[in-house]
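The values are calculated or read from the model by the stated rules, or taken from the named source; none is laboratory data. Since we're looking at a predicted model, the values are computed, not measured. Because the Cβ atoms are built from the backbone with ideal geometry, glycine has one as well, and the counts that use them run over all protein chains shown. Ligands, DNA and RNA are stripped out before the accessible areas are found, and what is left, the full protein with its side chains, is counted by its heavy atoms. Shrake-Rupley method; radii C 1.70, N 1.55, O 1.52, S 1.80 Å.
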Amino acid sequence: MRAVVLVGGFGTRLRPLTHTIPKPMLPVGHLPIIERVVANLGRGGVTEVTLALGFKPEPFIDAFPGGACAGVQLRYAVEPEPLDTAGAIRFAADASGIDDTFVVANGDVLTDLDVAELVRFHRERGAEATMHLIAVDDPSSFGVVAMDEDGRVRRFVEKPAPGTSSGNLINAGTYILEPSVLARIPLGARSSIERVTFPAVASDGGLYAKATEDYWLDVGRPELYLSANLDLLAGRRRYDTATGIHPGAAVHPDAVIVDSTVAAGARIDSGASVRESVILSGAVIGQQAEVVASVILGTVGAGATVTGCVLGSEGVVAAGERVAGERRPDPDAG
Ligand code: GDD
Ligand code: MG
């Protein structure tokens, strides 16, 4: 089975990390997010994935020479301009000649969903489109469904105003689609699958959905990106595990690392302590510095204390400085 994975977003909410690393290439447990997404699709029977890219395919092509990722064949479809979710799916599906039932996944969603099971559900219902659902506390920043007991979706509303929708089941960002869905999407124009296509399929009675209780996380914000790494370390994933300190990291023997991921090419000096954090390749944590609940791609000076911060590759905390809850460089500045 073939799949389209949407990776064309700008990763705005993950700045400044995404100034130098595209969101799908940020590592979770030492592997790029996209590799973990593709691996789960592969487990579910997907053999070929087309990455729907809004811009620059180079980082992806470089990362997966030979065009294979987690045992799955990769193709690339680069939109001439961002076409939004439906436009991107149509563009990528046309580019790779998809003409049969296929899978679509949001490229920023980490889940243990059994995709083969979702395909079975889709076929049993004779659905035109089937969506994976997950329960969340606050559905207002997601797509929300109202459905019958057999899974037929009556209504689909993207990002409803708070308090205007009932239920807590949201669109979890994995779909099984018939090629007839492609014919509903205008060619070469911006169009949203959530705002236009799904409501139309629902009103024709062809949209189904299935809720599961699998591990699920949208890595779109720094605190969630951090959680994705910590969840893996804590063994909260069904199939995947990761070691905290990569053998290629330069960690001084008397540095203390607790519940953290330290990448190859990161340096942690003597007496430093790192807790519940992600230290990325190229980061430097100086002597006696203390880092807690942070994501660091930049430099933390000796003796500094850093709590709940995000440092991009140009981000610096000076020696002895104490900072909490900051992003550096400030992504909102000029
Ligand atoms: N190629 C391409 N072109 N990809 C795009 C474009 C585009 O123009 N716009 C967005 N994407 C990709 C993003 O990179 C991401 O992987 C996916 O489409 C979804 O976009 P997000 O910006 O992450 O949307 P969201 O998280 O606010 O909402 C979506 O995901 C939720 C679940 O996490 C929606 O699908 C919601 O309905 C859903 O609940
Ligand atoms: Mg998202």
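Values as computed for the structure displayed
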{"read-out": "Cβ-derived FRET efficiency at R0 25 Å, ASP330 paired with LEU224, nearest 0.05", "value": "0.80"}
{"read-out": "Qualifying lysines (Cα of each under 24 Å from Cα of LYS210; at least 8 residues distant if same chain)", "value": "LYS159"}
{"read-out": "The stretch 101-169 versus the stretch 263-334: alpha-carbon centroid distance in Å", "value": "38 Å"}
{"read-out": "Fraction of antiparallel bridges per DSSP, the stretch 2-219 only, in percent to nearest 5", "value": "55 percent"}
{"read-out": "Residue-normalised accessible area of the chain, expressed per residue, 1.4 Å probe, Å²", "value": "42 Å²"}
{"read-out": "For the chain, size of Cβ-based charge dipole, Lys and Arg +1, Asp and Glu -1, in debye", "value": "200 debye"}
{"read-out": "Estimated FRET transfer efficiency (ARG238, ALA135; beta-carbon r; R0 22 Å; 0.05)", "value": "0.80"}
{"read-out": "Sum of -39500 (n - 2.57) over DSSP H runs of 4+, divided by residues of the chain (222 nm, nearest 500)", "value": "-5000 deg cm²/dmol"}
{"read-out": "Heavy-atom accessible surface of the stretch 186-334: percent carbon and sulfur, 1.4 Å", "value": "49 percent"}
{"read-out": "Local net charge near LEU297, Cβ-Cβ under 13 Å (Lys/Arg +1, Asp/Glu -1)", "value": "+3"}
{"read-out": "In degrees, nearest ten, helix 115-125 long axis to first principal axis of the chain (Cα)", "value": "20 degrees"}
{"read-out": "DSSP beta bridges in the stretch 1-118 [antiparallel fraction, %, rounded to 5]", "value": "20 percent"}
{"read-out": "Difference of contour (0.36 nm per residue) and Cα-Cα distance, THR47 to ARG13", "value": "9.1 nm"}
{"read-out": "By accessible area with a 1.4 Å probe, ligands and nucleic acids excluded, highest first: order of MET25, MET131, MET147", "value": "MET147, MET25, MET131"}
{"read-out": "Acute angle (nearest 10 degrees) that the helix 33-43 long axis makes with the longest principal axis of the chain, alpha-carbon atoms", "value": "50 degrees"}
{"read-out": "FRET efficiency, SER166 to ALA250 (Cβ-Cβ, R0 51 Å, nearest 0.05)", "value": "0.45"}
{"read-out": "GNM top mover of TYR208, TYR175, TYR239 - the chain, alpha-carbon springs below 10 Å", "value": "TYR239"}
{"read-out": "Positive-end residue of ALA304, VAL323, PRO253, charge dipole of the stretch 250-328 with Cβ unit charges", "value": "VAL323"}
{"read-out": "Tilt relative to the chain, helix 222-233 - C-alpha long axis, 0 to 90 degrees, to 10", "value": "90 degrees"}
{"read-out": "Magnitude of the charge dipole, the stretch 247-331, Cβ model with Lys/Arg +1 and Asp/Glu -1, debye to 20", "value": "60 debye"}
{"read-out": "Cα-projected label distance for ASP259 with ALA200, points at 7 Å along beta-carbon direction, nm", "value": "4.8 nm"}
{"read-out": "Gaussian network model of the chain, springs between alpha carbon atoms under 10 Å - residue of ALA161, ALA189, ALA93 with greatest fluctuation", "value": "ALA161"}
{"read-out": "The chain: most fluctuating residue of ARG322, ARG267, ARG154 per GNM, C-alpha cutoff 10 Å", "value": "ARG322"}
{"read-out": "³J(HN,Hα) computed for each position of the stretch 80-96 - Karplus, 6.51 cos²θ - 1.76 cosθ + 1.60, integer Hz, glycine/proline x", "value": "x, 8, x, 9, 6, 4, 5, x, 5, 5, 4, 4, 5, 5, 4, 4, 10"}
